[in-house]
Each structure stands twice: as C-alpha cells, then as structure tokens.
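**Q** The structure is given below, and queries will be raised subsequently.
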Amino acid sequence: MESTIQQPRRWQKWLRRCLRGGTVVLLIALVAGGWWLRQRYATSTDMPITIREFSNAEYPEDPADRSPVYGRYHGRKLRLLRRDTTHFDFVFEPTDDSTARVVFKNVDVSLMTPGEPEWTKTDAGLERIALTDRQWNRQQVSFDPRGEFVEVSGGDGFETENLASAELAKNCLNAGLWEVLLFTKENGSKRLYYQGWFTFPLGIYGELFEHNTGRKYVDHWYKLEHWSDPEGTPCPLDKLRTVNRELPCEASFNPLEPLIATGEQVRKARIVDCRNVRCWQNFFDGRKVEFAAFIPPGRYETDAPRGNEFWRMAKFESAVLREVVSPASSETVHELDLAFRCSRTGETNRFVVSGFRLSELPTLPTSRYSEGLYMPMGIGVPPFFQSYAELQKHPPQLSPFFSVLLDPRGGWLNHHDVGIDGPILHLDDSQPNTLHVYLLSYERETLVGHWIVKLGGESIQQAHLTKASSP
C-alpha cells in the first residue's frame, strides 16, 4: 500500500501536468482567435472577395423578375480596390470569354455604410435605434451603365449592349452582407440577369463606420454584426423634431377594402403564406399570415417563415397631422401620427412617420402607389431603392425623415417582429385634398393596410402653394 506521503505527490504531479496541458490549450486558443480576428477584419488596398452565386435550381424561391438569360453570365470574381478613405472600385472580373468585365468606379461607400444624424448622438437610446435600423434596412443603389461610375468591357457583346442598370445593395442583415445585381430590359421591363452575394470586408466597414459616426466600432460591432433588439428603448420624439402646430385632418380605414398589389408586391405574393386573405381586415383578425424569411447571405427562405404581431395594430383609432421642424434644417416639414388599439392588451400603439413634405409627395392613383414616397422604418435612413446620383445629393444622415412604431410608453417597438417594413405616401390624383398612406409588411412582401387622410383646406392649400412656387 502507498504511503500517505506518496499519494499527495502523485496528485501534485498530475495537477502540474494538467496545468501545463491547459496552458498549451489556452495558448493555442489565443493564437487561433488572434488569427481569426486578423482574417475577419483584414484590410488592404486591393482585396480579392469571394462571390456566391445561386442558379435557378438552387434558389427557386427568388421573387425577382429574372431574365431568360439568367445564369448564362455567372462565374465572376470580385476585387475591391481602395482609392482613398471612402472611395472604392468594385471590379467584377469574368472567368470566361463570354462574360463582360463590370466595374463600379470611385463609389463613395460611406454613403452605404451606417451613419447617424448628429441630433441622435446626444441620446444613447436614439443612437442605438438609428444605428440598428440603418444597418438592418435594405439599401439598393442603381448606377447608370452609360455614366461615369460604371465601365463594361469584353464578353460576347450581350452585356455591353444590353446592361440597363448596374446595382449594389447593402442587405438588411448582418454588417457586410452585400449584393451586386445586373439588369437588362426586355419588352420595356427591367429583368435581372445576374446576381452575386459577397461580404464587404468588415475591417474596412469598421473604419467607414468610425468615419461616418465618430464612434468606436468596438463599442457597436455586436449590434451591427448580430441582431440586437432595442425593444422598449425610449424614443423621445421631441429630440427628433419640434412641433409647430397640428393641422386639421380626418383619417379613415376601410377594413373590407380588397387588397392592392403592384410592383414588388406582385412578385413577392408567392412567398407569402396568407390563404384567403382578401381584405385588410384579414391581416388583423388572427388568421395565419407568414412571410418568407430573409436570411444570409441575402435570400428568401420559405421553409422557416416569419410570423407577425399584427395584433398590436388590430384596430385603427385616430390620426394626427402636424407641422414640425427637424434639426436637419429650419424648413417646415410634416408628420403623421396613426394610433392603433392592441387586441390583446387594449393599449394604444402608434406609428409615426415624420420629415416628409406634403408639397413634394407624388400625385398618383392608388393603382400606382409604389411610385409614392416608399421608405423604410428608422431615423435618417435612405430609401430602399435609389440612384447613386440621388444618394450623393441626399446623404441619409442629413435627412429629416424618420418613422417608428411606439408602444404605449413611447418605447421603440420592434417593427421586424410586428411585421412592418415601412410606409408609402402619395397624394390622390383626382382629389387634391387626399393623402394616401400604406404600410408595407415584413420584407415588403405585401401591403397590410391603406389609410385615407382628408386634409383640411389650410394644410393642403399651403402644400400646393409651396409646390406651385417651387422651381
């Protein structure tokens, strides 16, 4: 039998061996982690980037209006060339002789990287809301292929002759998930013939974020690279605008009005599971409504659908129209505040859209609603779809626009979970004192409501006088 002295010595030797082994494991983990971080946040003036492409068979859920030639010009490689702090060339190189070389030249990528209005920086909650929605909203920017920012060369001639629009998109997902989309025109309609998904380098993304905001990326990286829900965060509207006065208006909502669909809602109708939904009321009466989820790298997935919380907006109660002044400028703009009764709690939630000008809204019939002011939720956000020329003229962080869903205590409601992606606004083409308001569902897959706001004589008269005096 071992002595009582030898037994502790054996335990000590075993413990020392474990500690030595643990140290080695820890060192390996630290080295591996350091290598991973270095690779994940690497930067260079010339970076090769992998492109993910899906065939028709791999992505049957795609609601895009695809050209018959989709898939014939696949197999591209991407090089990202840095010109200065914010400007880059996106060089899409072919891997065969038939495919053209397409270059987006001298693009100011800071305009497609999250920033925030200066007036949100004084409030931590508003800053978090602004940055959350700026990253987690789609921003698709179109470039004229005959303009100074796009160069097309080589290939079999199809792309040099038929490229109608070259577009870059920041996906409404994790930081860095981007797309390139190339369109042709067929029978007068824009048709997608190439789409590729890639990750914009996160090291450069972080540098651009710091350039845009003056904030340290390390303090915000998790919220931008992984969804972080600011549910209930106080949203003090008085820090976003000053109310001058309320304007007379009467708002109505016809729950039995048949659904309206045009534009992308027609294309996306097949990825919405909402059988026997024929009128607006059907979205709010508790029946099953599910949307195809939008998942990395930026595609729709019908096998794991998204639900909704439309019960928070079950009964429309009232509307208030206001004249307000944003910190963005001294100009008077307008704000619409819609109140809804929650069917589960009986409390009132609000949808607020602010910073638009009645005088600048398009005048349209309801059949062309998609040509109206078509905007995402958020503070200081760009439109979902915009030309690069317009983006340069109107940087989002300088915009007075914001739209939010608020709970009864004025806290931010997660519109992603509710199932609301943004508003559409336009004036009526035959009744000049009528404002039409629509709400887009999750991922803009359908409309979920149409509100008609009758404007008082004073407000609409002022709007049309302003419109008439505009150059």
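The values are calculated or read from the model by the stated rules, or taken from the named source; none is laboratory data. Just so it is clear, the structure is predicted and the values come from calculations on it, not from any experiment. For neighbour counting, all protein chains shown are included, and Cβ atoms are generated from backbone atoms with ideal geometry for every residue, glycine included.
**Q** Please enumerate the residues belonging to region 156-199 that are among the small types (Gly, Ala, Ser), buried (at least 19 other Cβ atoms within 10 Å of the Cβ) and under 17 Å from PHE90 (Cβ atoms).
**A** Within region 156-199, ALA166, ALA169, GLY176, GLY196 qualify.
**Q** Quick check on this structure: which one of THR366, THR434 is free of Cβ contacts under 8 Å to residues at least 40 places away in the same chain and surrounded by fewer than 20 Cβ atoms within 10 Å (Cβ to Cβ)?
**A** THR434
**Q** How many residues are touching a residue at least 60 places away in the same chain (Cβ under 8 Å), part of a helix (DSSP H, G or I), within 25 Å of THR122 (Cβ to Cβ) and in contact with a helix residue (DSSP H, G or I) (Cβ under 7 Å, 6 or more places away or on another chain) if we restrict to region 202-261?
**A** Of the residues in region 202-261, 8 are touching a residue at least 60 places away in the same chain (Cβ under 8 Å), part of a helix (DSSP H, G or I), within 25 Å of THR122 (Cβ to Cβ) and in contact with a helix residue (DSSP H, G or I) (Cβ under 7 Å, 6 or more places away or on another chain).
**Q** Please enumerate the residues belonging to region 346-398 that are at pLDDT 95 or above and of a type in the set (S, T, N, Q).
**A** THR348, ASN349, SER354, THR363, THR366, SER367, SER370, GLN386, SER387, GLN392, GLN397
**Q** Would you pick out the residues in region 287-310 that are in a loop (DSSP other than H, G, I, E, B) and closer than 16 Å to LEU440 by Cβ?
**A** Hits for region 287-310 are VAL289, ASN308, GLU309.
**Q** Name the residues in region 132-148 that are part of a loop (DSSP other than H, G, I, E, B) and surrounded by 19 or more Cβ atoms within 10 Å (Cβ to Cβ), would you?
**A** TRP136, ASN137, ARG138, PRO145
**Q** Take the residues in region 168-201 that are polar (S, T, N, Q) and closer than 24 Å to THR120 by Cβ, then tell me which one is farthest from the chain's Cα centre (by Cα).
**A** Per the stated criteria, the residue is ASN174.
**Q** For region 367-384, does any single residue satisfy the condition of being assigned to a helix (DSSP H, G or I), in the same structural domain as GLN265 (by TED's automatic domain parsing) and over 21 Å from the mean Cα position of the chain (by Cα)?
**A** yes
**Q** Going through GLU167, GLU159 one at a time, which residue ends up being within 26 Å of ASP96 (Cα to Cα), in a helix (DSSP H, G or I) and either outside the structural domain of LEU406 (by TED's automatic domain parsing) or in contact (Cβ under 8 Å) with a residue 24 or more places away in the chain (or both)?
**A** GLU159
**Q** If you check VAL152, VAL109, which single one turns out to be in contact with a Phe, Trp or Tyr (Cβ under 8 Å, 6 or more places away or on another chain) and either touching a residue at least 40 places away in the same chain (Cβ under 8 Å) or surrounded by fewer than 18 Cβ atoms within 10 Å (Cβ to Cβ) (or both)?
**A** On inspection, the qualifying residue turns out to be VAL109.
**Q** Filter region 262-286 down to residues that are part of a loop (DSSP other than H, G, I, E, B), touching a strand residue (DSSP E or B) at 6+ places or on another chain (Cβ under 9 Å) and of a type outside the set (D, E, K, R), then give me how many there are.
**A** Counting residues in region 262-286 that are part of a loop (DSSP other than H, G, I, E, B), touching a strand residue (DSSP E or B) at 6+ places or on another chain (Cβ under 9 Å) and of a type outside the set (D, E, K, R) gives 3.
**Q** Need the failing condition index for VAL180 against (1) assigned to a helix (DSSP H, G or I); (2) under 20 Å from GLY75 (Cβ atoms), just the number.
**A** Unmet condition: (1).
**Q** Let me ask something additional. Looking at ASP421, ASP417, which one is outside any strand (DSSP E or B), at pLDDT 95 or above, in the same structural domain as ARG344 (by TED's automatic domain parsing) and not polar (S, T, N, Q)?
**A** One residue alone meets the criteria, ASP417.
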